[in-house]
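All remarks here apply to the structure that follows.
The values are calculated or read from the model by the stated rules, or taken from the named source; none is laboratory data. Note that the structure is predicted; figures quoted are calculated from it, not measured. FYI the Cβ positions are ideal-geometry reconstructions off the backbone, even for glycines, and counts take in every protein chain you see.
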Amino acid sequence: MASYKIKDLEVLTGVKAHTLRIWEKRYDFIKPDRTETQIRTYSDEELVILLNVALLNKNGVKISKIADMSRDQIAKKVVEVTAKKDPEVSQEKLLLALVELDEDLFRNTLQELIDVCGLERTFTEHLIPFLDRIGVMWLVGTINPAQEHFISNLIRQKIISTIDLLDVPLAKGSPVMLFLPEHEWHEISLLFYQFSLRNKGIPTVYLGQSLPYESLLEAIRKVKPCALVSSWLTAVDEQFMVNYLQQLSKEISGIPHYAGGYQVNLNSARLSGLVHEIKVLSDLEGLHSYVK
């Protein structure tokens, strides 16, 4: 069973720890366990309860009224709220879908966001904060691979299906080539870069996950791209990363390389001059000058 500290719940529910303590003291929502050192710990079940309470409270239901509701009444009210197309409560709905592996809730919430905000705003304003929040679960060891794969694959499928709806840009010159290095399997960011470029009419060649280095070089020689785009999320030895990008820089004869992801952002000082760092989506706009 998962075990959360109150700071974890603060991130996951979006409710301040001080407020959570008040709710715990005044109302009978949750009864946390305590460690030998008297630190509160909370279970998955209590996380779901607090997510439901936070969801209702953000939708105008007073906390005192929620406290008087039975669990069944809370669940019924949550169903009513989650049926609303309101971007303001999307985080709670996405997290509920994650914890309970509710595909319908996740798909419907994601589609509602895209309908209201478009895919670019959905990704930057909603999905990235959501993924940051569930990152807390990784840090405390409370999300299992099944949950992570569940969410990642649903997001991946949605971005791919949205890309499929776009027209293939007419090749007016050399395309932008997108790839992940051989150890890297997390392609959500790279897929989103692909969508963003295609959506702007920029021709691309997408090579996807865990591409062997020699295969990358072969593809570069064959396609002659105007620029490269990669993403580095998985933990990797810093020196290996520097050596890889130094060697690639020598091999690609001045082709600009744009790279994003946590590992690039973490080691940006040592990678200066080897890649153009992607911190925010607008950093990709520099690619436009290379597309003929």
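Please find, within the stretch 271-292, the residue that is surrounded by the fewest Cβ atoms within 10 Å (Cβ to Cβ) out of those that are within 21 Å of the chain's Cα centre (by Cα) and touching a residue at least 40 places away in the same chain (Cβ under 8 Å). Restricting to residues being within 21 Å of the chain's Cα centre (by Cα) and touching a residue at least 40 places away in the same chain (Cβ under 8 Å), the top hit is Val280.
Report yes if Thr109 is under 26 Å from Ala146 (Cα atoms) and touching a residue at least 60 places away in the same chain (Cβ under 8 Å), otherwise no. No: the conditions fail for Thr109. Scanning the stretch 107-129 turns up no residue that is in a loop (DSSP other than H, G, I, E, B) and either of a type in the set (Ser, Thr, Tyr) or at pLDDT below 85 (or both).
Taken together, the residues in the stretch 266-292 that are over 18 Å from Gln194 (Cβ atoms), part of a helix (DSSP H, G or I) and at pLDDT 85 or above amount to 4. Within the stretch 192-225, work out how many residues are more than 23 Å from Gly173 (Cβ to Cβ), within 23 Å of the chain's Cα centre (by Cα) and in a helix (DSSP H, G or I). Of the residues in that region, 1 qualify.
Against the definition (hydroxyl-bearing (Ser, Thr, Tyr), part of a helix (DSSP H, G or I) and surrounded by 15 or more Cβ atoms within 10 Å (Cβ to Cβ)), how does Ser90 come out, yes or no? Spelling it out, Ser90 is indeed hydroxyl-bearing (Ser, Thr, Tyr), part of a helix (DSSP H, G or I) and surrounded by 15 or more Cβ atoms within 10 Å (Cβ to Cβ).
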